[in-house]
Amino acid sequence: MEQRSIFISDFDKKRLLALIDVEMKDKRRTDINLQNLKAELEKATVVEPNKMPPNVVTMNSTVLFKDMDDNEEMTYTLVFPAHADMNQNKLSILAPIGTALIGYKEGSIIEWKVPSGVQRIKVEKVLYQPEAEGSYEL
């Protein structure tokens, strides 16, 4: 899989690392997804929220992406677990696809391992990004 740099605001990074710590302390959870998210955050380029490129998927962004295997397009808002609701197209950052999306730019093709092989999606368009709208601390 291709290694790419992702972008994260300092604010989102702090909140996500705190979430990961809480989730990892839960002895019932041994989630590889948490480890993957932490690894992504540790290698991410940290950007001031007011300097975040508007085409990057951040927390609370609404993104249009395409499944590269079946060409199905989907639109979701990337949220913290407490706000996740698939009926409202609100995708948890802790879902494998949520972890995959964070920090990537429009046009990025993202790959990650799933039990059946490799899942591939393409970020088509960031439809809404809080930072681009001047909302830095949702």
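Every number here is computed from the coordinates shown, using simple stated rules; none is lab data. For clarity, every value in this text was computed on a predicted model and none was experimentally measured. Neighbour counts are summed over all protein chains in view; Cβ atoms, including those assigned to glycine, are modelled from backbone coordinates with ideal geometry.
Annotations
- Cross-link partners for K51 among the lysines, with Cα-Cα distance under 30 Å and sequence neighbours closer than 8 places in the same chain left out: K13, K14, K38, K43, K66, K90, K105, K122, K125.
- If R0 equals 22 Å, the separation of the Cβ atoms of E42 and W112 corresponds to a calculated FRET efficiency of about 0.85.
- For Rg and Dmax of the Cα atoms in Å, the value calculated from this model appears in [x] 28.2, 94; [y] 27.2, 90; [z] 14.1, 40 under label [z].
- Restriction of the chymotrypsin sites (Phe, Trp or Tyr not before Pro) in region 60-138 to DSSP coil positions whose beta-carbon has at most 16 other beta-carbons within 10 angstrom yields Y136.
- Working note: 222 nm ellipticity from helices only, DSSP H runs with n ≥ 4, each -39,500 (n - 2.57), summed and divided by the residues of the chain, gives -7500 deg cm²/dmol to the nearest 500.
- Rel. contact order, % - alpha carbon contacts under 8 angstrom, at least six apart, region 61-105: 26 percent
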